[in-house]
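Asker: One structure is given below, represented as structure tokens, and several questions about it will come after.
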């Protein structure tokens, strides 16, 4: 066997190791666009806080190349009275920051553990930039739910739960 054939055989064997983790998993159930139905914090006593109101708005997109984008916001947020976002009041700025959660980056799925890790490139909550957020999930053809072990709002024992339906 020639050296070229041996090298080709070795490359074929090693190719799966060089592929990104999302390429080696069957993530077809999560691919596409999802519409937000709920975004709650669940307290240790089981009570829920609707972080973005009773009718939160948002989308979550997963593409086949391993990229995602997530947008969540309160349906009702005050408009800036000055009609200039650089001239908002402290209350307008607070409502904007607390009333939105957006981030994007890449993702990998661990089907065995039913977790997704979002490798955050940029986020409205800047503490999450550069973070790897690992969230347990459940998914079927029409619904996806993610558990956020350490939400951006809340104290010890609080976890987040974000629910989506598939966008058609």
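The values are calculated or read from the model by the stated rules, or taken from the named source; none is laboratory data. Since the structure is predicted, the reported quantities are computational estimates derived from the model, not experimental observations. Because the Cβ atoms are built from the backbone with ideal geometry, glycine has one as well, and the counts that use them run over all protein chains shown.
Asker: Mind listing whichever residues of the stretch 124-134 are outside any strand (DSSP E or B) and loosely packed, with under 15 Cβ neighbours inside 10 Å?
Answerer: Of the residues in the stretch 124-134, the ones outside any strand (DSSP E or B) are 124-131.
Answer for the stretch 124-134, where residues must be outside any strand (DSSP E or B) and loosely packed, with under 15 Cβ neighbours inside 10 Å: 126, 127, 129, 130.
Asker: Any chance the stretch 66-81 includes a residue that's part of a helix (DSSP H, G or I) and surrounded by fewer than 12 Cβ atoms within 10 Å (Cβ to Cβ)? First the steps, then the outcome.
Answerer: Keep residues of the stretch 66-81 that are part of a helix (DSSP H, G or I), which gives none.
No; the residues of the stretch 66-81 include none that is part of a helix (DSSP H, G or I) and surrounded by fewer than 12 Cβ atoms within 10 Å (Cβ to Cβ).
Asker: Please indicate, with yes or no, whether at least one residue in the stretch 147-159 is part of a loop (DSSP other than H, G, I, E, B), touching a strand residue (DSSP E or B) at 6+ places or on another chain (Cβ under 6 Å) and at pLDDT below 95.
Answerer: Checked against the condition, which is being part of a loop (DSSP other than H, G, I, E, B), touching a strand residue (DSSP E or B) at 6+ places or on another chain (Cβ under 6 Å) and at pLDDT below 95, the stretch 147-159 yields at least one hit.
Asker: Could you tell me how many of the residues in the stretch 57-84 are more than 26 Å from residue 130 (Cα to Cα) and within 26 Å of the chain's Cα centre (by Cα)? Full working, then the answer.
Answerer: Taking the stretch 57-84 as the starting set, the residues that turn out to be more than 26 Å from residue 130 (Cα to Cα) are 75-84.
Narrowing the set further to residues that are within 26 Å of the chain's Cα centre (by Cα) leaves 75-78.
Qualifying residue count for the region: 4.
Asker: For the subset of the stretch 102-117 comprising residues that are part of a strand (DSSP E or B) and out of contact with any helix residue (DSSP H, G or I) (no Cβ under 9 Å at 6 or more places or on another chain), which member is nearest to residue 74 (Cα to Cα)? Break it down into steps so the answer makes sense when it comes.
Answerer: Here is the first cut: in the stretch 102-117, the residues part of a strand (DSSP E or B) are 102-110, 115-117.
Going one step further and asking which of them are out of contact with any helix residue (DSSP H, G or I) (no Cβ under 9 Å at 6 or more places or on another chain), we end up with 102, 104-105, 115-116.
Numbers: 102: 12, 104: 19, 105: 22, 115: 26, 116: 24 Å.
Among those that are part of a strand (DSSP E or B) and out of contact with any helix residue (DSSP H, G or I) (no Cβ under 9 Å at 6 or more places or on another chain), it is 102.
Yes/no matrix, rows are residues, columns are (1) farther than 16 Å from residue 74 by Cα; (2) modelled with pLDDT of 95 or more; (3) assigned to a loop (DSSP other than H, G, I, E, B); (4) in contact with a helix residue (DSSP H, G or I) (Cβ under 8 Å, 6 or more places away or on another chain):
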position: 4; (1), (2), (3), (4): yes, no, no, no
position: 17; (1), (2), (3), (4): yes, no, no, no
position: 37; (1), (2), (3), (4): no, yes, no, no
position: 46; (1), (2), (3), (4): yes, yes, yes, no
position: 55; (1), (2), (3), (4): no, yes, yes, no
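Asker: Right, next: Do we have any residue at all in the stretch 110-123 that's closer than 19 Å to residue 50 by Cα and either buried (at least 17 other Cβ atoms within 10 Å of the Cβ) or free of Cβ contacts under 8 Å to residues at least 24 places away in the same chain (or both)? I'd like the intermediate steps shown before the answer.
Answerer: Start the filter on the stretch 110-123 by keeping residues that are closer than 19 Å to residue 50 by Cα, which leaves none.
Looking for residues that are closer than 19 Å to residue 50 by Cα and either buried (at least 17 other Cβ atoms within 10 Å of the Cβ) or free of Cβ contacts under 8 Å to residues at least 24 places away in the same chain (or both), one finds none in the stretch 110-123, hence no.
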